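The values are calculated or read from the model by the stated rules, or taken from the named source; none is laboratory data. Here the structure is a predicted model, which is why all the values come from computation and not from measurement. Counting neighbours? That spans all protein chains shown, and the Cβs are built from the backbone with ideal geometry, glycine included. What goes into the accessible areas is simple: the full protein's heavy atoms, side chains included, and nothing from ligands, DNA or RNA. Shrake-Rupley method; radii C 1.70, N 1.55, O 1.52, S 1.80 Å.
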There are 2 protein chains.
Amino acid sequence: MLFYTPNIAHNQELPAEESVHALRVLRLKNGDKVQLIDGKGGFYEAKLILEGKKCLLNIFSEKKNDKRSNIYTHLAIAPTKNIDRIEFMLEKCVEIGIDEVSFLNCRYSERKNIKLERLEKVAIQAMKQSLKTFLPKINEMVDFDKFLLRQNTENQLFIAHLEATERKLFSKEVYQLFLENNTTNQQNNASNPSFCMLIGAEGDFSTQEIEQAKQKNYLPVSLGESRLRTETAGIFVCQTIEIIKQLF
Amino acid sequence: MLFYTPNIAHNQELPAEESVHALRVLRLKNGDKVQLIDGKGGFYEAKLILEGKKCLLNIFSEKKNDKRSNIYTHLAIAPTKNIDRIEFMLEKCVEIGIDEVSFLNCRYSERKNIKLERLEKVAIQAMKQSLKTFLPKINEMVDFDKFLLRQNTENQLFIAHLEATERKLFSKEVYQLFLENNTTNQQNNASNPSFCMLIGAEGDFSTQEIEQAKQKNYLPVSLGESRLRTETAGIFVCQTIEIIKQLF
């Protein structure tokens, strides 16, 4: 019985929605043991104290996971027309491990808006299901140009596109980065790679968008020979980083 | 305008369903150019000749892709209760590249049947979408014990499970295989790796099933630290093989 309690540090009570689930669906009783995650690395065990419709929490164990992972993965993607596909992708990315997701409004985007709240719910559900302790940051949709103007916190920037111009193979680039990082880290504790990856709409990025990204130091990459759907590309990128991390 | 014509070698005509799509949805006309794939490596270009409700095909170009890929990937998986999840997985696996899919009826399976025809449609759609020329073989659901008794054509057998017993990391095993294969191939043209991967239901394989598989030379593996859903594990396995192949 795992519940999401983002404010557990300040308010030792199940949030309204989780409370309804606990009482009406799971029919939990006074004194039942529950597990809690705050999406910020905290994992708690508590006993329920029922007061009317409120589920108060008597915490008896607490573990704090201070570090997310030593890798940071930020996916910036143009959402698909059919939002189910993006929801499925988000679920898969959370299961595998992702830190931040942004949604881009691009030249060939077929979808100009997202429902952030709905996507956050999908992410929370996936986090609970896969027993992750960190909830990824999910950002509001933003125009492609504006996204490029933000202050990058990531040190490795990539744009995946399909134009037949020179592109490195993403998997090989990631492998090379981990290889270098592994060698450097043994010498002087250098910083770990953090990734920001741009993925376009079904109609790909425009030539102009690719140019703009290159000027902002995004490296153009290919994901391989297969023609992947947008959401498949999103999953593929996340899994590439995870799989190559596993090799080191 | 890409159509699936599995019998094109014998019958130069669009199959009934594709014909309806061509005439009613796409409103193609006599003489229009179309592209055809047969799911067996053939890629054709033809002109339409309309005869009543029939769409005859006048082929003017033909390419044959004789070899699938030098790697063979066979995924044998217990289908999820919610079949949408398996359909989505199948779509993603076809996009990335897969040769054969089997469905297992396991001790903890929550789903005891599949609709083969429906899954084949999903695979055909994904093949067309991702411009693959080979359609994967999709097998009828079979009991886990019976699957283990079949004659393996693959040379690398794995079972992914979650029991806290000794397991190798799948990604590292695949990397090692490609590494060895790469060295051997340069010497004497050895055969390429072919994979058969068993993935259990949401409730994992039973201890007995894991033992049975081990006796049949399936190597127990872990997919990493994340707890993945069944369908995510299926996608993950496919992508692991593809990503590591890209590194060589």
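Partners of B:Lys216 within straight-line reach, counting lysines whose Cα lies under 19 Å from its Cα and excluding those fewer than 8 residues away in the same chain: B:Lys146, B:Lys168. Going from the isolated chain to the complete set of protein chains, region A:209-236 loses at least 50 Å² of heavy-atom accessible area (1.4 Å probe) at A:Ser226, A:Arg227, A:Arg229, A:Thr232, A:Phe236.
Taking a ≥ b ≥ c as the square roots of the eigenvalues of the Cα gyration tensor, region A:2-64 is prolate, since a/c reaches 1.5 or more and a/b is larger than b/c. Each chain gives up part of its surface: A and B jointly bury about 3100 Å² of accessible area, both sides summed, for a 1.4 Å probe. The mean number of Cβ atoms from other chains found within 10 Å of a Cβ in peptide A:124-132 is 2, as a whole number.
Highest mean packing first, where packing is the average number of other Cβ atoms within 10 Å per residue, the peptides A:108-118, B:135-145, B:232-242 line up as B:232-242, B:135-145, A:108-118. Between the beta carbons of B:Leu116 and B:Asp84, assuming R0 = 25 Å, the FRET efficiency works out to 0.95 to the nearest 0.05.
In region B:85-109, the residues whose accessible area drops by at least 10 square angstrom when the other protein chains are added to the isolated chain are B:Arg85, B:Phe88, B:Glu91, B:Lys92, B:Glu95, B:Ile96; the probe is 1.4 Å and only protein heavy atoms count. The mean sequence separation of alpha-carbon pairs under 8 Å and at least six residues apart, normalised by the residue count of chain B, gives a relative contact order of 21 percent.
Based on protein heavy atoms only, region B:2-64 ends up with 60 Å² per residue of surface accessible to a 1.4 Å probe.
For n ≥ 4 DSSP H runs only, could you compute -39500 (n - 2.57) per run for the protein assembly as shown, divide by its residues and tell me the 222 nm figure to the nearest 500?
Rounded to the nearest 500, the figure is -10500 deg cm²/dmol.
Could you tell me whether region B:72-246 comes out rounded, prolate or oblate from its Cα gyration tensor? Rule is a ≥ b ≥ c as square roots of the eigenvalues, rounded for a/c under 1.5, then prolate if a/b exceeds b/c, otherwise oblate. The shape class here is oblate. For A:Lys81, the point set 7 Å out from Cα toward Cβ sits 3.4 nm from its twins in the other copies, listed from shortest up. Here region B:87-142 is treated with +1 on each Lys and Arg Cβ and -1 on each Asp and Glu Cβ, and its dipole about the Cα centre works out to around 120 debye. B:Ser61 label point (Cα plus 7 Å toward Cβ) to equivalent points in the other copies: 6.6 nm, shortest first.
In summary, the lysines within cross-link reach of B:Lys54, defined as a Cα separation below 30 angstrom excluding same-chain residues under 8 places away, comprise B:Lys29, B:Lys33, B:Lys40, B:Lys63, B:Lys64, B:Lys115, B:Lys121, B:Lys128, B:Lys132, B:Lys137.
Shielding by partners for peptide B:237-243, expressed as the average number of C-beta atoms from other protein chains within 10 Å of each residue's C-beta, is 6. With the label put 7 angstrom out from Cα along the Cα-to-Cβ vector, A:Leu219 ends up 3.0 nm from the copy partners, going from closest to farthest. The dipole here belongs to chain B: it is taken about the Cα centre, uses +1 on the Cβ of Lys and Arg and -1 on the Cβ of Asp and Glu, and is about 600 debye.
Let's test the formula: R0 of 60 Å, r as the Cβ-Cβ distance of B:Glu17 and A:Lys54. What FRET efficiency results, to the nearest 0.05? Here the calculated transfer efficiency is 0.60.
Just checking the listed ones, A:Arg24, A:Arg167, A:Arg85: in the Gaussian network model of chain A with Cα springs under 10 Å, the one fluctuating most is A:Arg24. Computed about its Cα centre, the charge dipole of the protein assembly as shown is approximately 580 debye, with only Lys, Arg, Asp and Glu carrying charge at their Cβ.
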